[in-house]
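Take a look at the structure set out below.
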2 protein chains.
Amino acid sequence: MTQTRTRPDRGRSALGPALELVHTGRAPTRAVLTAELGVTRATAGAVAAELQGLGLITVDSSPSTAGAQGRPSHRLAVDPTGPVVLAAQVHTDGFRAALVGLGGRVVATAPGCGPVEADPAQVLGEVVAAGRRLLEESGRRCVGAGLAVPSAVAEPEGTALNPLHLPWAPGAPVREVFRRCLADAGISAGADDGVAANDVNLGALAEHRHGAGRGARQLLCVATGHRGVGGALVVDGRLHSGSSGLALEVGHLTVDPEGRPCHCGSRGCLDVETDPLALLEAAGRRPGPEVSLLRQALSLLRTEYHADPAVRAAAHRLVDRLALGLAGLVNILDPDRIILGGLHRELLRYDGDRLREVLDARSLWGRGKTFAVLPCSLDHNSLVGAAELAWQPVLDDPLRVQEA
Amino acid sequence: MTQTRTRPDRGRSALGPALELVHTGRAPTRAVLTAELGVTRATAGAVAAELQGLGLITVDSSPSTAGAQGRPSHRLAVDPTGPVVLAAQVHTDGFRAALVGLGGRVVATAPGCGPVEADPAQVLGEVVAAGRRLLEESGRRCVGAGLAVPSAVAEPEGTALNPLHLPWAPGAPVREVFRRCLADAGISAGADDGVAANDVNLGALAEHRHGAGRGARQLLCVATGHRGVGGALVVDGRLHSGSSGLALEVGHLTVDPEGRPCHCGSRGCLDVETDPLALLEAAGRRPGPEVSLLRQALSLLRTEYHADPAVRAAAHRLVDRLALGLAGLVNILDPDRIILGGLHRELLRYDGDRLREVLDARSLWGRGKTFAVLPCSLDHNSLVGAAELAWQPVLDDPLRVQEA
DNA sequence: TTGCTTTGTGCCCCCGTGAAACAAAACAGG
DNA sequence: CCTGTTTTGTTTCACGGGGGCACAAAGCAA
């Protein structure tokens with residue numbers, strides 16, 4: 001009997017790593033690509049030519065004003081006219097759609113506001129429709145789609161487990177709904193085209209590839225948007241999602257045993273001690289309903305941190321608790337870099353020294369070790385991260401772009 | 001100019017995965033190996049023949065009494081006469097040396113007792129000497145060496161950071177000393193031959209490869225020996241060591257805000273709330289100096305758990321706190337299996353239902369999810385784990401065994 | 001101009017692996 | 001006992017990714 005393999009051929013095996021190097025900006029020239037891949041110049045040349053032929057990168061042989069000795073190397077870059085992926089994000093106040101090319105370049109973006117309804121199909125239908133308009137306007141080819149949601153997403157089911165500040169029911173099958181919307185809009189062909197994940201996780205992935213997390217081997221991200229706190233870990237360039245996608249749900253670390261009660265049944269959780277509402281209440285402000293809690297907290301810091309001692313004390317309180325939570329995570333995960341987002345990013349800006357001091361004192365082995373704690377650096381990093389996830393199949397095997 | 005690669009040739013690339021499959025018992029026959037590797041029978045045959053030629057595995061074509069239809073497949077097994085690695089373990093009461101073949105088979109072992117001195121060269125010299133005697137007696141070839149120590153080992157320095165119940169100074173360069181002892185004994189050739197790591201981490205690795213952790217995608221291990229608590233995470237078959245080898249130092253998770261003070265400055269840490277001393281004191285026993293605290297705690301459970309309500313209450317107390325700590329880890333790491341070692345293993349045996357109940361209630365998303373919490377299953381799992389680490393280069397590239 | 005250095009390219013070969021046809025070793029049923 | 005079926009091992013051929021090498025190209029330095 002004849003014998004067929006179960007796994008498909010992967011084509012030129014250096015193709016994926018090469019594209020990833022150009023994608024993340026680590027291979028600006030063909031010579032660097034040769035060194036990074038650890039192959040000969042001949043192979044690197046063939047690989048670069050093939051990626052160029054696929055329309056993914058450009059190989060520019062114009063003089064690069066190198067200034068160095070020897071023959072100047074050809075410059076490599078992401079093809080700005082190449083295919084894009086559709087990135088979508090759902091948040092408390094609405095949604096946002098974008099087209100994102102390789103290299104994390106946001107080609108076009110379209111915000112949408114308005115209340116999110118209980119049925120995920122409503123907002124996902126709207127955001128996919130917005131994405132379709134962007135695609136039609138741009139005339140670009142779409143090779144994937146990714147969705148960021150403010151909830152843990154269970155794998156392999158693709159369900160939103162705790163969409164606490166959306167009216168969705170826990171367990172909503174967001175990935176399936178997203179895929180159906182894509183298929184209805186005529187965007188995707190394959191049934192497994194369209195991925196969904198937690199927004200903080202995706203933001204961490206984006207920061208690692210294109211932002212402040214570049215080069216980190218173990219990147220820990222913690223961020224708070226409107227309510228609750230999210231965490232993410234990127235290990236060796238890949239999201240650490242745990243066995244079912246629920247890793248780094250850090251909101252219920254205890255950071256104050258006598259703190260405020262939390263809906264989880266415990267008290268003093270990171271969730272309720274360091275989110276925007278916590279800042280407003282610690283400063284003695286009554287939150288208004290007009291704008292989001294995050295905006296209220298940010299403007300409070302901006303306008304009154306230096307003027308009002310009560311606001312400063314409130315920030316100190318949050319920073320102390322945040323640092324305690326981070327210290328616990330550091331002792332468990334041992335990251336080499338920490339990135340803070342949302343309100344936590346601003347707390348770092350205003351009160352960074354205090355945060356680093358407490359963190360250093362409470363992390364067991366952080367004494368001799370210098371810790372990099374940085375603010376996140378990308379606009380819409382969740383959106384870019386959703387695009388990263390959508391690009392991943394192409395990064396793994398660039399030949400897929402020609403299959404459709 | 002001629003061009004040489006920076007990375008060496010890796011030879012037949014399916015060789016490493018194939019050896020790992022036989023090593024972990026997942027490829028009992030050549031037919032299974034073919035399926036697991038996802039290659040053709042021709043390739044699997046060539047690979048098996050090559051591994052046999054290297055003296056690493058045996059290919060037995062004798063009838064296997066299969067009972068199934070079709071031509072019986074050749075049985076694959078680790079070659080019991082093949083090379084070994086030297087595994088060493090240092091603990092509070094002394095040391096242990098062993099020769100370990102592929103498949104985690106302990107070929108020979110030699111315990112050594114006596115107080116450990118302040119200079120790591122003393123006990124490491126003794127354990128290496130014991131290993132050398134075992135090697136001479138057995139006449140086997142040694143292709144690597146691994147060391148397990150009761151302390152976090154920082155990478156890439158290879159220093160013991162917190163050897164709390166050894167008289168070593170924190171920061172002792174155990175890996176360097178180990179390598180020097182190996183070189184002095186004429187065992188190792190290469191300068192980077194000889195690895196060292198934390199004993200609980202190594203135990204977890206061993207359990208994943210050969211014990212109760214087989215097949216787990218995200219394996220969390222927690223264990224307590226004499227004093228303090230250690231943790232480890234194995235992700236996709238590899239130890240998650242963090243950026244500097246300090247991940248999973250879980251001893252200072254807070255599990256009782258009003259608990260006993262800990263030397264770290266906090267109170268109610270997992271370390272001081274769930275170790276053997278905590279059990280003895282919770283049961284109102286005064287620990288004696290004659291045998292190790294672990295033995296005293298184990299015998300207390302064995303002899304009086306069913307007889308003395310105070311002992312039962314003490315066990316309950318420890319189990320509650322252990323479950324709280326595990327729940328925190330579950331929310332951060334999202335493992336699919338948990339293995340407990342040392343005293344915690346016995347607590348699981350005596351009080352497993354209570355532990356699972358508390359763990360389920362406190363782990364946020366554990367409600368619908370059935371959690372596997374198992375006792376560790378290997379004797380000397382730290383020793384076997386040290387051997388695993390030493391075998392790793394050969395598992396990555398089996399051709400190395402012929403280079404020496 | 002003549003080196004020197006670094007990079008790109010063409011050519012040849014190695015070798016790992018798939019594809020296919022065939023052989024071998026069991027069982028099942030007459 | 002013989003034959004068909006099933007599963008596995010073996011042989012042969014061919015493809016293709018990538019190394020090795022020689023040479024050409026493109027800059028700087030003297």
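Worth pointing out:
- Heavy-atom accessible area buried between chains A and B is around 3400 Å² (1.4 Å probe, both sides summed).
- Part-to-part distance (alpha-carbon centres) for the range A:42-103 and the range A:109-182, which is given in Å: 27 Å
- Rounded to whole Hz, the Karplus (6.51, -1.76, 1.60) HN-Hα couplings of the range A:259-264, x for glycine and proline: x, 6, x, 10, 5, 7
- Distances between placed amide hydrogens fall under 5 Å for B:A145 paired with B:L86, B:G194, B:V195, all partners being 5 or more residues away or on another chain.
- Inter-chain Cβ neighbour count for B:239-252, averaged per residue, equals 6 (cutoff 10 Å, partner chain atoms only).
- Share of carbon and sulfur in the accessible heavy-atom surface of the range B:15-78 [1.4 Å probe, %]: 53 percent
- DSSP bridge pairs, the protein assembly as shown: antiparallel proportion in percent, nearest 5: 65 percent
- Percentage relative contact order, the range A:15-78, counting C-alpha pairs under 8 Å, at least six apart: 36 percent
- Efficiency of FRET from Cβ geometry, B:R26 and A:Q3, R₀ 25 Å, rounded to 0.05: 0.75
- For the range A:67-151, the solvent-accessible area works out to 43 Å² per residue, with a probe of 1.4 Å and every protein chain left in place.
- Restricted to Cα atoms, the range B:120-229 shows a radius of gyration and a Dmax of 15.0, 40 angstrom.
- To the nearest ten degrees, helix A:343-362 and the longest principal axis of the Cα atoms of chain A are 80 degrees apart.
- Within a Gaussian network of chain A (alpha carbon springs, distance under 10 Å), most fluctuating of A:H165, A:H91, A:H263: A:H263
- Translational diffusion of chain B, µm² s⁻¹ [Kirkwood Rh, Cα pairs; Stokes-Einstein; 20 °C; 1.002 mPa s]: 95 µm²/s
- Each copy carries a label point for B:G139 at 7 Å from Cα along the beta-carbon vector; from one copy to the others these points are 8.0 nm apart, nearest first.
- With every protein chain in place, the range B:214-377: carbon and sulfur % of accessible area (1.4 Å): 48 percent
- Note on the protein assembly as shown: dipole from Cβ charges, positive end direction compared against B:A172, B:A191, A:G55; the farthest Cα belongs to A:G55.
- Per-residue ³J(HN,Hα) for the range A:209-221, Karplus 6.51 cos²θ - 1.76 cosθ + 1.60, θ = phi - 60°, Hz, x for Gly and Pro: 7, 10, x, 5, x, 3, x, 5, 8, 9, 9, 9, 10
- Applying a DSSP loop filter and a limit of 15 other Cβ atoms within 10 Å to the GluC sites (Glu not before Pro) in the range B:268-360 leaves B:E290.
- Label-point spacing at A:H306 relative to the other copies reads 7.3 nm, in ascending order, each point sitting 7 Å out from Cα along Cα→Cβ.
- Sorted shortest first, the separations between the A:G114 label point and its copies elsewhere in the assembly read 8.2 nm; each point sits 7 Å from Cα along the Cα-to-Cβ line.
- The sum of -39500 (n - 2.57) across all DSSP H runs of n ≥ 4, divided by the residue count of chain B, sets its helix-only mean residue ellipticity at 222 nm to -12000 deg cm²/dmol.
- Modelled spin labels at B:R141 and B:R214, positioned 7 Å past Cα toward Cβ, are 2.8 nm from each other.
- Each other residue within a Cβ distance under 14 Å of A:A87 adds +1 if Lys or Arg and -1 if Asp or Glu, for a net charge of +1.
- Accessible area per residue, Å², the range A:211-265 with all protein chains present, probe 1.4 Å: 35 Å²
- Phi angles of the range B:140-149 translate, via the Karplus equation with coefficients 6.51, -1.76, 1.60 and θ = phi - 60°, into HN-Hα couplings of 7, 7, 10, 10, x, 8, x, 10, 10, 10 Hz per residue; Gly and Pro are given as x.
- In this rough spin-label picture, where each label sits 7 Å from Cα along the Cβ direction, the B:A361-B:Q122 distance is 4.9 nm.
- Interface burial in the range B:333-352 reaches 30 Å² or more for B:L333, B:D334, comparing the full protein assembly with the chain by itself; accessible area from heavy atoms with a 1.4 Å probe.
- Rounded to 10°, Cα long-axis angle of helix A:41-53 versus longest principal axis of chain A: 80 degrees
- Positive-pole candidate from A:I338, A:V100, A:L21, dipole of chain A, charges at beta carbon: A:L21
- Summarising the strand pairing of chain B, around 65 percent of its internal DSSP beta bridges are antiparallel.
- Derived value for the protein assembly as shown: Kirkwood hydrodynamic radius 28.8 Å. Basis is the mean of 1/r over every pair of different alpha-carbon atoms.
- Each Lys or Arg adds one and each Asp or Glu subtracts one; over the other residues with Cβ under 13 Å from the Cβ of A:G144, this totals -2.
- For chain B, relative contact order (Cα pairs under 8 Å, six or more residues apart, normalised by length) works out to 16 percent.
- Angle in degrees between helix B:174-184 and the longest Cα principal axis of chain B, rounded to the nearest 10: 40 degrees
The values are calculated or read from the model by the stated rules, or taken from the named source; none is laboratory data. Source: prediction; values computed, not measured. Quick reminder, even Gly has a Cβ in these numbers, built from the backbone with ideal geometry, and neighbours come from all protein chains shown. With ligands, DNA and RNA removed, areas are computed over all heavy atoms of the protein, side chains included. Shrake-Rupley method; radii C 1.70, N 1.55, O 1.52, S 1.80 Å.
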